[in-house]
1. Between 0 and 90 degrees, rounded to the nearest ten: what's the tilt of helix 283-293 against the longest Cα principal axis of the chain?
2. Give the relative contact order (percent, whole number) for the chain; include only Cα pairs under 8 Å separated by 6+ residues.
3. With respect to the cross-link table entries Lys143/Lys197; Lys128/Lys157; Lys38/Lys296; Lys131/Lys180; Lys174/Lys204; Lys42/Lys121, which display a Cα-Cα separation exceeding 23 Å?
4. Divide, for the chain, the radius of gyration over alpha carbons by 2.2 N^0.38 Å, where N is the residue count.
5. Projecting each Cα onto the charge dipole of the chain (Lys/Arg +1, Asp/Glu -1 at the beta carbon, about the Cα centre), which of Phe73, Phe240, Tyr8 comes out farthest on the positive side?
6. Please compute the net charge surrounding Glu83, taking Lys and Arg as +1 and Asp and Glu as -1 over other residues with Cβ under 10 Å from its Cβ.
7. Check the straight Cα-Cα distances from Lys68 and name the aspartates and glutamates below 17 Å, setting aside those fewer than 8 residues away within the same chain.
8. Charges only on Cβ, +1 for Lys and Arg, -1 for Asp and Glu: so what's the dipole of the chain about the Cα centre, in debye to the nearest 20?
Amino acid sequence: MDSYSIGYANIALIKYWGKKSKDPVLPYNPNLSLRLDKLYTKTKIEKSESGQDEFYINDERQGADELKKIITFVNKFTPENREKIKIISYNTVPTAAGLSSSSSGTMALVLACNEYFRLEKSTEDLVKIAKEGSGSSCRSFYKMASWLEDGSVHEIKCDLDLAMMVLVVNEGRKKISSRKAMEDCVQTSSSYADWVKQARQDYKAILDALAKNDFTKIGKLTESNALAMHSTTKYANPPFSFLEEDSYLAMDIVKSLRSKGLEAYFTMDAGPNVKVLYLKENQKKIYEEILKVWKKKIILCTE
Ligand code: DP6
């Protein structure tokens, strides 16, 4: 039977950036995300014919490092004497480009294992398992979700029809993984303590703005939180940046939309691509305006 499990990408409005504990994985600050239903990974598991575990993304067999990473995770929650498997994944999200392919990939993998090995876990258990694979993936199980410092994951209600598009600056694999980058920032960035303080305040403020349907405040917090996260990389030792020249161009375009009365806000993750947050009702106008000045690829992420 051709049954794939689907995992969705999510983009944080308030970022998870640093682990307070690795086992179990606990974030330093509460974080909150929006799920992007058009960016997903589909995964199925079959019995391996080669007698070895195998892992494919978009029909491409993955090398030893990628295989080891995924199998170490799979072994944490599947039967000890399991048979060798072939993991077959397809990404609509460019892999490892800071477009949250790890959150969609991990969610799809956890669901596929649950199905193949008949683990019969509850959603709550699957959420717990997922964050041990990739912290941010625990938020993909809900349209809007928060992940708190005590490890709990909560569904967040929102009456606004929030939507996102991605201005693709670079689809290539990022040079440094978010895991390694956040670890470097925790250990060496002189602005890390300020980040944690700021992010904790931002989280409270965004909950308030969500409760009041205050899109302007949600957008402003989203932008300033992303900039605060990226500034920790500038003060790391050695300093680094995920952003490229065109990331700055994309941010300027978003700002100029606002000066034309079109409300849109930007956010960036562990890569150069710029995600634009807006109200769905404004999508057409925003898209048309951006098309006039942005010559690279655009991905509309919400239905
Ligand atoms: C910048 O979830 O990829 O996207 O837990 O080490 O797998 P690990 O990290 P990961 O980090 C995501 C970081 C981020 C911000 C966010 O999604 O909140």
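1. 80
2. Contact order relative to length: 23 percent.
3. Exceeds cut-off: Lys143/Lys197; Lys174/Lys204.
4. 0.99
5. So the residue furthest toward the plus end is Phe240.
6. It works out to a net charge of +2.
7. List returned: Asp53, Glu54, Glu60, Glu80, Glu83, Glu132.
8. Charge dipole of the chain: 480 debye, to the nearest 20.
Bear in mind that the values in this text are calculations on the coordinates, not laboratory data. On a predicted model such as this, the values are computed, not experimentally measured, just so you know. Virtual Cβ from ideal backbone geometry, glycine too; neighbours counted across all protein chains shown.
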